[in-house]
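To start, the structure under review is shown below, and the notes come after it.
The values are calculated or read from the model by the stated rules, or taken from the named source; none is laboratory data. Note that the coordinates shown come from a computational prediction; the quantities given were computed from them, not determined experimentally. Every residue, glycine among them, receives a Cβ derived from its backbone with ideal geometry; neighbour counts consider all protein chains shown.
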């Protein structure tokens with residue numbers, strides 16, 4: 001059971017931080033970059049914003065299982081100058097009896113490198129962790145773990161990232177959480193443990209097959225001295241920057257299928273289905289949907 005829960009948490013992290021290479025039409029430079037959880041993954045990406053964007057997403061995993069993971073995310077970004085951007089997010093993550101709520105803000109500044117850009121970003125966030133009490137067990141009355149009231153545990157964190165964007169190539173490296181949040185007794189401790197820092201590397205490239213058809217391979221690699229290596233990759237085909245379909249693979253054994261469309265110039269939708277293929281996880285399917293809305297705009301930096 002412990003192994004199953006650990007694998008669920010790993011899969012949730014990979015799906016939440018990298019579910020696809022991009023929403024069509026929202027990148028004015030023509031790049032098909034991932035968009036679904038990029039503010040959580042790398043704060044430097046907000047520096048590339050050329051218009052205000054609001055997105056709402058929901059990810060439900062292991063349907064049919066009580067206490068299955070559920071993740072909900074609201075993200076907002078906006079340019080504040082030709083070379084700067086601001087962003088904010090609210091992320092609610094529920095797994096079993098645990099519910100985590102995180103609110104964050106970020107700032108990024110980019111510099112021009114000939115025809116390309118390099119962005120540096122920093123994020124600050126506050127979080128609260130709660131656990132539901134179990135009251136219907138026969139032995140619960142004698143166990144304070146189940147009967148004592150539990151107040152919310154509050155903490156904070158910060159992240160840092162660097163992001164490079166060219167005409168067709170993008171790459172980023174980040175540390176999404178510089179601090180380690182651990183529950184000790186009835187409080188949440190905040191400290192830095194270099195050995196447990198998680199490093200995220202992302203990258204992708206857009207190949208123009210015709211004037212309207214493009215192929216975009218992309219990948220995520222997560223490294224940490226305290227956990228196993230996590231990875232995900234996807235190949236997405238897009239038509240006229242308005243419709244896309246993709247397929248990918250994520251560790252430990254997850255197949256991902258995705259479709260997306262720009263409904264209007266301001267509104268786009270995307271749906272993804274994921275299926276665990278390992279022998280222990282045949283029933284482990286999940287569904288992800290994101291709605292994006294963009295408006296306004298600023299001339300690209302020169």
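Structural remarks
The rows are residues; the columns are (1) more than 20 Å from the chain's Cα centre (by Cα); (2) at pLDDT 90 or above; (3) over 22 Å from residue 172 (Cβ atoms); (4) surrounded by 13 or more Cβ atoms within 10 Å (Cβ to Cβ).
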site	(1), (2), (3), (4)
213	yes, yes, yes, no
216	no, yes, no, yes
224	no, no, no, yes
235	no, yes, no, yes
238	yes, yes, no, yes
258	no, yes, no, yes
283	yes, no, yes, no
286	no, no, yes, yes
293	no, yes, yes, yes
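- Across the range 147-161, the number of residues qualifying as within 30 Å of residue 82 (Cβ to Cβ) and modelled with pLDDT under 85 comes to 0.
- Evaluation of residue 204 against the conditions (1) at pLDDT 95 or above; (2) buried (at least 17 other Cβ atoms within 10 Å of the Cβ) shows that the sole unmet condition is (1).
- Test: residue in the range 123-146 that is out of contact with any helix residue (DSSP H, G or I) (no Cβ under 6 Å at 6 or more places or on another chain), modelled with pLDDT of 95 or more and within 22 Å of residue 38 (Cβ to Cβ): yes
- Qualifying residues in the range 173-194 (those that are at pLDDT 75 or above and not in a loop (DSSP other than H, G, I, E, B)) - the one farthest from the chain's Cα centre (by Cα): 194
- Checklist (1) within 30 Å of residue 131 (Cα to Cα); (2) modelled with pLDDT under 90 applied to residue 167, failing item: (1)
- Number of the exception - residue 125 against (1) over 21 Å from residue 297 (Cβ atoms); (2) touching a residue at least 60 places away in the same chain (Cβ under 8 Å): (2)
- Among (1) more than 17 Å from the chain's Cα centre (by Cα); (2) modelled with pLDDT under 85; (3) in a strand (DSSP E or B), the one test that residue 298 misses: (3)
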